[in-house]
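Student: Here's a structure for you.
The values are calculated or read from the model by the stated rules, or taken from the named source; none is laboratory data. Everything numeric here is computed off the predicted structure, so don't read it as measured data. So basically every Cβ, Gly included, is an ideal-geometry build from the backbone, and we count neighbours across all protein chains shown. In case anyone asks, the SASA skips ligands and DNA or RNA and just uses the protein heavy atoms, side chains included. Shrake-Rupley method; radii C 1.70, N 1.55, O 1.52, S 1.80 Å.
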Amino acid sequence: MKILKIITDLLGKGETQEKIIAKNTGWLIFGEILSYTIRFVWIVYVTRILGAYEYGKFAFAMGFVSLFVIFSDLGLSLIITREFSQNKEEEKHFSSILVLKIVLSILTLAIMTAGAFLITKDSFLRQMMFILGIVAILDYFPEIFYSFLRARQQMKYEFFGKIIRSLSLAVIGFVIIFKFPTVRGASFAYLIACALTLFIIWLFFHLKFHNIKLVWDSRKWKQILLLAWPLAMVGIFSTIYSQLDSSIMGYLGQIIQVGWYGAAYRIIGVLMIPINLIAFAFFPALSVSFKKSQEKLKRIYARFMQTMIFISFPLMTVGVALASKIIRWLYGEPFLPGVFAFQILLIMAAVSYLISPLIMMSTVINQHKKTFWFTMIGAVANLILNIIFIPKYSLNAASITTLISVLIVLVLFIIFGMKRKYFTVFNKEILFTLGYVVAASGITFLILKNHYIHNLHVLIGCLIGAIAYVLIFYILWKIFNPLLKKIN
């Protein structure tokens, strides 16, 4: 009955900021898990149908266009959420910002098309890059509507939008790929599903929330872009060290290696779903608290960081312990050469979780230019290391250089955060949580490496790992939390 009451409270009308964050996080996490599960099942099916080499072509083309899709947004989504949540009067400018988004999308597609002629001489791959370029833009476009809804803390509608997208891809995708099991078939399935989803979301938003009129306001565009450019550059540099490696491998003709690497990265993409969801749920609350209460801001940040620590370490631990079993189960024996890269990328994902609260805090306190410089340094390091090592060590080098890049960014953020008065990067509560999590993760890893446990089905192993982690964490928390209270 107590659990039922908690669920009822969360789903009911909440007055406290914590309850609003909990509800919004719940909507986003549930929506993303269901949405990505559907999409992930489809992409795993496609990967098995195409094989490592053909899927490598698809991953190469998708990785290439992903390098450019950030130019269709340039930080608009995050700025809209920040500005609209702090001042509701700014909503009247949404239509003009939407037109700016359209203009940026058209320019981005032109850049992608031109870039395709520089990176490959293969006319088929160029055609796929053009199609997938349109797909990437259509798929990313709804973010501008979601940013409006996040400012109003109405994330449940984002949940429905993402479910529609995934169901469209599943239904249309399976039909097309069943009849046309080719890279071209997979690309057109994505295209039709994304176009249909955008039409539905646009129409619903227009009727329910905001009467959309195409307004050309270059003065407002300039104002928004001046606010957004540091975040835009952060997105560009982050994209560089997450997507550049696949493009370099493809350019060097390592297509099958791109297939192995892309398959591993697909799993990482699923595991990193909570990063943006939790960040978007906390971000409006952080923005409001910055204006009203420094103490509340510190408290919300601490909960944010503790949440990220609690989630990231078990994902990394279970993934690393069962990496070969996960790859074999999802993709089959031909993709096992990607296991080491997958393990390194799992560690990279855990580090990325810790960076997210620091990025959001720097944005809230109007220090997002620091984020720009830090991610630029990480991107430059990634570019140099990739150019040096990928030609010889291929996907293994790509994964290690990506990890090194995010570690550099984390260290820079920690140094920056230690000098801020608005929050403490690692206060006593955060450090205690980190201690519990590290200990629980270490013990869980040893349990999963036990011969009898390791030989069980991979899903049973993951379940055992999750249960073990939660129980061990709870025991440690019950033992040592009274000590923390005495220290405070």
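Student: Inside the stretch 276-314, can you point out the residues that are open to solvent by 20 Å² or more (accessible area, probe 1.4 Å) and among the polar types (S, T, N, Q)?
Tutor: Result: Asn276, Ser293, Gln294, Gln306, Thr307.
Student: Something else about it: So is Gln243 at pLDDT below 75 and not in a helix (DSSP H, G or I) or not?
Tutor: no
Student: Checking Ala397 against (1) open to solvent by 50 Å² or more (accessible area, probe 1.4 Å); (2) modelled with pLDDT of 90 or more; (3) of a type outside the set (Phe, Trp, Tyr); (4) more than 24 Å from Ser356 (Cα to Cα), which test does it fail?
Tutor: Checking Ala397 against (1) open to solvent by 50 Å² or more (accessible area, probe 1.4 Å); (2) modelled with pLDDT of 90 or more; (3) of a type outside the set (Phe, Trp, Tyr); (4) more than 24 Å from Ser356 (Cα to Cα), the one that fails is (1).
Student: A follow-up question, please. Those residues that are among the aliphatic types (A, V, I, L, M), in a helix (DSSP H, G or I) and open to solvent by less than 70 Å² (accessible area, probe 1.4 Å), I need them from the stretch 357-379; list them, please.
Tutor: Leu358, Ile359, Met360, Met361, Val364, Met376, Ala379
Student: Related question: Within 27 Å of Ser441 (Cα to Cα), of a type outside the set (A, V, I, L, M, F, W, C), surrounded by 19 or more Cβ atoms within 10 Å (Cβ to Cβ) and in contact with a Gly (Cβ under 8 Å, 6 or more places away or on another chain): does that describe Thr317?
Tutor: yes
Student: List the residue pairs whose Cβ atoms are under 6 Å apart, where the first residue sits in the stretch 196-211 and is modelled with pLDDT under 80, the second is in a helix (DSSP H, G or I) and open to solvent by less than 30 Å² (accessible area, probe 1.4 Å), and the two are 6 or more positions apart or on different chains.
Tutor: His210/Phe94
Student: Regarding Asp217, is this residue at pLDDT below 80 and open to solvent by 20 Å² or more (accessible area, probe 1.4 Å)?
Tutor: yes
Student: Is the stretch 181-195 home to any residue that is surrounded by fewer than 19 Cβ atoms within 10 Å (Cβ to Cβ), among the basic types (Lys, Arg) and not in a helix (DSSP H, G or I)?
Tutor: No, every residue in the stretch 181-195 fails to be surrounded by fewer than 19 Cβ atoms within 10 Å (Cβ to Cβ), among the basic types (Lys, Arg) and not in a helix (DSSP H, G or I).
Student: Of the conditions (1) farther than 28 Å from Arg150 by Cα; (2) open to solvent by less than 40 Å² (accessible area, probe 1.4 Å), Val171 satisfies every one except a single condition; which number is it?
Tutor: Every listed condition holds for Val171 apart from (2).
Student: Here are some conditions: (1) open to solvent by 40 Å² or more (accessible area, probe 1.4 Å); (2) modelled with pLDDT of 90 or more. Gly442 meets all but one. Which one does it not meet?
Tutor: Condition not satisfied by Gly442: (1).
Student: Something else now. Tell me which residues, restricted to the stretch 321-342, are part of a helix (DSSP H, G or I) and surrounded by fewer than 21 Cβ atoms within 10 Å (Cβ to Cβ).
Tutor: Ser324, Lys325, Arg328, Trp329, Leu330, Glu333, Pro334, Leu336, Pro337, Val339, Phe340
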